[in-house]
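I have placed the structure first, in the form of C-alpha cells, so that the comments after it can refer back to it.
Only the coordinates and a few stated rules stand behind these numbers; no lab work does. Note that this is a predicted model, so its numbers are computed, not measured. Cβ: placed from backbone, ideal geometry, glycine included. Neighbour counts: every protein chain shown.
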Amino acid sequence: MRISARNQIKGKILEVKKGATTSHVRVEIAPGQVVTASITNEAVDDLGLKTGGAATVVIKASDVMIAVD
C-alpha cells in the first residue's frame with residue numbers, strides 16, 4: 001500500500017465495537033498506548049478488522065493539538 005499520509009503507526013486491534021452505522025476500533029500502538037478510530041461498519045467489514053489482528057493507524061488531519069500537564 002502506498003499512501004501520502006506520513007503519520008502511520010503499526011499496532012494490534014484491541015476491540016471493535018459496532019454501533020448502528022459506525023464502529024469504534026481501539027488499536028494498541030505501544031504498551032498502554034491506545035488510539036481509537038471511528039469508522040463505518042462497512043469499512044470494518046471490508047477490511048476484515050478483528051480483535052487481535054494487526055492494523056496500521058493512519059493519521060491525516062489539518063489540525064493537531066498538543067497539551068502538557
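Could you tell me which of Leu14, Ile39, Ile66 has its Cα farthest along the dipole of the chain towards the positive end, charges placed at Cβ (Lys, Arg +1; Asp, Glu -1), taken about the Cα centre? Checked the options; the winner is Leu14. Its Cα centre serving as origin, the stretch 7-53 has a Cβ charge dipole (Lys and Arg +1, Asp and Glu -1) of approximately 160 debye. With the largest listed first and rounded to whole Å, the semi-axes of the equivalent ellipsoid of the chain from the Cα gyration tensor are 20, 15, 14. Pull up the cross-link candidates among the lysines for Lys50, meaning alpha carbon to alpha carbon under 16 Å and not fewer than 8 places away within one chain. In chain and number order, the partners are Lys10, Lys12, Lys17, Lys18.
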